[in-house]
Every structure is written in C-alpha cells, then in structure tokens.
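Heads up: the structure comes next, in structure tokens.
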Amino acid sequence: MKNLQLKLASAITTAGVLVAVGAVAAASGGGGKLDESLTGYQEVPALSTSGAGEFHATISDDDHAIRYRLTFSRLETDATQAHIHFENATNNGAIVVFLCSNLGNGPAGTQACPAAGGTIQGVIRGADVGAGAVDQGIDAGEFQELLRAIRAGSTYVNVHSVGHPGGEIRAQLD
C-alpha cells in the first residue's frame, strides 16, 4: 500500500511539473490572437461617445508579423487617424504604429482612414514600427519590443477624430 501511495504521489508531482512547463512554453511561444472592443470609456480621460470599434489581430507563429483588422463606426465626427500606442491603460502614450491617417502625417504607404467609419486591414512588420516611443525604449524597427509590449498589456489602439483629436475610441491590447 505504501509503495502504491509513493507511486501515486510521484505521478501527481510529475503531472504538475509537466503542466507548469507547458504553461511556460505556451506563454513564451510565438503567435497569439487579439480581439478587443474600442469605446470612449477607455480614453484618457474617459469620453462618452456613440463611437465604437473592434480590433482583431493575429500574431504570426514565428513572431515576425501581425495581421490586423480594425472596424469602427458612429464616431461623433470624421475619423482622422488610427494608431497603436505604447502605454498602460491609465495614460496616453507615444505612437508606435500608424494604422491609417487622413492627415498626411504617417509614413509612406499609410492607408487612408474611412472618415465616416468602416474597416481597414493590413499586416504590421518590423519596418512599420516607428520611432515615436524611442524615449520609452522602443526604437524604429524593433518589432520584438512591440510584441513584448503587446503581451505585457502596455499598448492600445486608438481612433482619433476631428472633434476628438486626442482620440475618440480606444482599446488596451492584452
């Protein structure tokens, strides 16, 4: 009986170690999905608006690209630009990636925002990471740093509008 108890305890301990190792491997592995809802309530300061949006993204298994789709509607005024910013949920932060702009201020190839609402989509790669957060440790082209910030919950998507140039709807990525 004692031998059976020892074997059972050993099996339980081994299973626990394997589960823990698997969880660490999954957390540090590549890929991942993001599905976030944008609202004015996540803006800093919070904003009451009828605007709403959805951001869906998939990080490639090799951690070299993010395929995304951003849909938004019912903004109080026309959309001007949308970005991924680097900062926690309680502050406003630097632009790391331009998603769209109607202001002519994005890097070459930045797509136009659907002013009255709609959908944009694309792929983010290292070349799309700008130098806006260099003072915070993310240099231009540092895609892996962007991924680390996303996985830490320290980035957000923001849609800016004419009436709310600081941002009308926002979602923290985590």
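Show the residue pairs that are 6+ apart or on different chains and have beta-carbon atoms under 8 Å apart, the first residue being within region 93-111 and without any contact (Cβ under 8 Å) to a residue 40 or more places away in the chain and under 20 Å from T155 (Cα atoms), the second being among the β-branched types (V, I, T) and assigned to a strand (DSSP E or B).
I95/I84; C100/I120; S101/T80
Of all the residues that make up region 78-107, how many are assigned to a loop (DSSP other than H, G, I, E, B) and not β-branched (V, I, T)?
Of the residues in that region, 13 qualify.
In region 45-77, what residues are under 14 Å from A115 (Cα atoms), of a type outside the set (S, T, N, Q) and not in a strand (DSSP E or B)?
Those that are under 14 Å from A115 (Cα atoms), of a type outside the set (S, T, N, Q) and not in a strand (DSSP E or B): G51, R74, L75, E76.
When region 81-97 is examined, which residues are found to be closer than 24 Å to Q121 by Cβ and either of a type in the set (A, V, I, L, M) or over 12 Å from the mean Cα position of the chain (by Cα) (or both)?
Q81, A82, I84, G93, A94, I95, V96, V97 - these are the residues of region 81-97 that are closer than 24 Å to Q121 by Cβ and either of a type in the set (A, V, I, L, M) or over 12 Å from the mean Cα position of the chain (by Cα) (or both).
Being modelled with pLDDT of 95 or more and over 17 Å from the mean Cα position of the chain (by Cα) narrows it down to one residue among S154, S101; which is it?
Exactly one of S154, S101 is modelled with pLDDT of 95 or more and over 17 Å from the mean Cα position of the chain (by Cα), namely S101.
So that you can scan it fast, the table gives a plain yes or no per residue for (1) out of contact with any Ser or Thr (no Cβ under 7 Å at 6 or more places or on another chain); (2) surrounded by 18 or more Cβ atoms within 10 Å (Cβ to Cβ); (3) among the β-branched types (V, I, T); (4) not assigned by TED's automatic domain parsing to the domain that holds G132:
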site: L47; (1), (2), (3), (4): yes, yes, no, no
site: E54; (1), (2), (3), (4): no, no, no, no
site: T58; (1), (2), (3), (4): yes, no, yes, no
site: R69; (1), (2), (3), (4): no, no, no, no
site: T77; (1), (2), (3), (4): no, no, yes, no
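The values are calculated or read from the model by the stated rules, or taken from the named source; none is laboratory data. The structure presented is a predicted model; accordingly, all values stated were derived computationally and were not measured. A quick note on method: Cβ atoms are made from the backbone with ideal geometry, for glycine too, and the neighbour counts reach across all protein chains shown.
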